[in-house]
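Take a look at the structure set out below.
The values are calculated or read from the model by the stated rules, or taken from the named source; none is laboratory data. Since this is a predicted model, take the numbers as computed values, not measurements. With ideal geometry, Cβ positions are generated from the backbone for all residues, glycine too; neighbour counts draw on all protein chains shown. These area figures cover heavy atoms from the full protein model, side chains too; ligands, DNA and RNA do not enter into them. Shrake-Rupley method; radii C 1.70, N 1.55, O 1.52, S 1.80 Å.
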Amino acid sequence: MSKSLPYSMKDVHYDNAKFRQRSVSQVVSQVLLTSNGKRDCLKCSTGKFLVLLMICGLAYLVLANKSAVHPVSSGMAKNDGSKEGENLPIHGSGRFRRFWRKPPRLPPRLSPDEIISRNRSIQESMKRKEPEWVARQQKVKDAFIHAWSGYKAYAMGYDELMPLSRRGVDGLGGLGATVIDALDTAMIMGADEVVYEAGSWIEKHLPGRIEGKGQVNLFETTIRVLGGLLSAYHLSGGDQGRIPEHKGPKPSVYLENARNLADRLLTAFTASPSDIPYSDVVLREKSAHPAPDGLSSTAEAATVQLEFNYLSYLTGDAKYSVEAMKVLQHIKTLPKVEGLVPIYINPQSGHFSGDNIRLGSRGDSYYEYLIKVWLQQKGTNFSYLYDMYVEAIKGVRHLLVRKSTPNGLVFVGELPYGKEGGFSPKMDHLVCFLPGTLALGATKGLTKERAMRENLLTFEDMENLKLAEDLAKTCIEMYSVTSSGLAPEIAYFNIEQGDSEGGPNGGNKSSKYLNDIIIKPADRHNLLRPETVESLFVLYRITGDSKYREWGWQIFEAFEKYTKIDSGGYTSLDDVTVIPPRRRDKMETFFLGETLKYIYLLFSNSTTIPLDEYVFNTEAHPIPVIPRSR
Ligand code: DMJ
């Protein structure tokens, strides 16, 4: 398989930004050497000589023009901290140094294409007035209340609802995961009754569950339950959050439960002989053990730090943060493949296991937390996380990003046998978290406009933002390509020249990408996952482009049409390529915790959970950025 299509600068239309970073000499020679005469001229040595002569002549003219360079006044020099000796007039060889030195980097500007598309978006959103988005947002809130009503009627206190058989099931250890995952969504939406019901259940039942339940998975329990409790504590005003008025118990109830739970989860770290925690904890015994195959998922071990750090901040007890951060400090020291890591790690040895590299299951949120933990700890000494993130994304672009044929969708594939093995054009829906993470990493939560105005974006940031937008488009096409308008769990992308397998049976025949996206029979299910709407939300906040809102609405409508159950709740599907799609009888907790929350926020204004003040944990629980002063 060809490896000749890495996603790199040549695919990015930011010539404007590239150009603005070049020195005068580079610009002059580029102009000369890219003119029409280039080919003919360079064929003969006289031509080459003439071109050189022109460059030298131009250089001389520029230098002659700049011969009188005035020093800055010493007063100013002191103000900006420079030494007096540095302010001597520039003479002789100094002129040359000045000439060859790169000019100060100017802020990248929007390309003409971007300006046109932005203006179009603004006009479109003017057409669709804000009240319409408010009405749509209300529909999302109604959907949330419908989901909750099914859960409350048939599964209250269970982890998940089985909406078709109208009963509950404990798939996550029995802590009532849906109650806790849904709570902060209800707070954000102002669904007071749900806040009251969920809050009261937590106050009454959760302490007993934490003390009495058996085995839970460290990662799932941290991101859903611990994350949900911490966010509820903050949003209910526990640490002067933004929504001080709420129904339900005192905020301290959430923090006490969080602490009690985390004290037990900590055994996963302390029982392990390395810095990598065991995957499972037995809550009532306060003990921990490895998974049956002895391995931890890399993403799981590296996706608990936001939650443990915030708990340490709130309680003043450093032990949670210390244990969790050891994982990332340890992974920093391990050999990687251009910043990319295998999806398994051995808690006995502390080393990676196998060569399988992917940004889908078991790999995904490792990359997400590198940048988010750094953002959470802004201003402190965690710059190694930012460096790891930057290196990893370079690796993603170089080794994993390709374009499909015939229509050039940009996608992220896998290296199941490492860098030396073959490339697999497989992309899990889970990878659709990446556009949002890339956009966040580029602007650090600011709008693109502001980041550009303040000259905060490097060329690489621009490149990552462009990749984010391309990947978001691919993710939305994974929905549009099926008959139901809902994405499959996994898609393969056509990278062969010539005919493909002809797209999914029962695919949406109006999709231009039928030949680019292949959906295998075993991968046609949909678990109501949030990753695409998560990225649409982040990209909308950052770019202001209303197409992301329109795409989110399309997805919401498809959920409404095919997954809503009249008696209450929404269900996962078995096959998104047939109409009507076969149904699966499960409402995952993240449908309330993440999917509906992100769609709701997509239609909200940017002051609701601003992206430069909060980081969302991987289960969409907003956690405030830790203030610098403490
Ligand atoms: C969620 O539990 C989290 O987003 C996790 O990081 C990945 N999988 C699910 C949602 O799909």
Handout entry: Net charge of neighbours whose Cβ lies under 10 Å from the Cβ of residue 195, counting Lys and Arg as +1 and Asp and Glu as -1
Key = -3
Fill in the blank from the handout: Counting only residues 5 or more apart in sequence or on a different chain, those whose built amide H sits under 5 Å from that of residue 614 are 625
Completion exercise
For the table 403/520; 326/378; 336/448; 403/444, the rows whose alpha-carbon distance is greater than 21 Å are 336/448; 403/444
Fill in the blank from the handout: A chain fully extended from residue 284 to residue 252 at 0.36 nm per residue, minus the present Cα-Cα distance, gains in nm 9.3 nm
Practice task
For the stretch 291-296, take each phi angle, set θ = phi - 60°, evaluate the Karplus expression 6.51 cos²θ - 1.76 cosθ + 1.60, and give the result in whole Hz per residue in order, putting x for glycine and proline.
Solution key: 5, x, 8, x, 10, 9
Completion exercise
Listed by chain and number, the residues whose amide H is under 5 Å from that of residue 482, excluding neighbours fewer than 5 places away on the same chain and using placed H, are 508
Handout entry: Distance (nanometres) between label positions extended 7 Å along Cα→Cβ at residue 607 and residue 510
Key = 3.9
Practice task
Read phi for every residue in the stretch 555-572 and hand back ³J(HN,Hα) as whole Hz from Karplus 6.51 cos²θ - 1.76 cosθ + 1.60, θ = phi - 60°, with x for Gly and Pro.
Solution key: 5, 4, 4, 5, 4, 4, 6, 10, 10, 6, 10, 4, 6, x, x, 10, 10, 5
Handout entry: Sequence of 456, 295, 164, 359 from largest to smallest accessible area, 1.4 Å probe
Key = 456, 164, 295, 359
Handout entry: Under-5 Å amide H pairs with residue 291, H placed in peptide plane, nonlocal only
Key = 279, 280
Exercise for the section: State the number of lysine pairs found in the stretch 133-266 whose Cα atoms come within less than 25 Å, restricting to pairs 8 or more positions apart or on distinct chains. Expected result: 13
Exercise for the section: Lys and Arg at +1, Asp and Glu at -1: add these up for the other residues within a Cβ distance under 15 Å of residue 484 and post the number. Expected result: +1
Exercise for the section: Rounded to whole Hz and in sequence order, give me ³J(HN,Hα) for the stretch 464-480 from the Karplus expression 6.51 cos²θ - 1.76 cosθ + 1.60, θ = phi - 60°, writing x for Gly and Pro. Expected result: 5, 5, 5, 4, 4, 5, 5, 5, 4, 4, 4, 4, 5, 5, 5, 7, 5
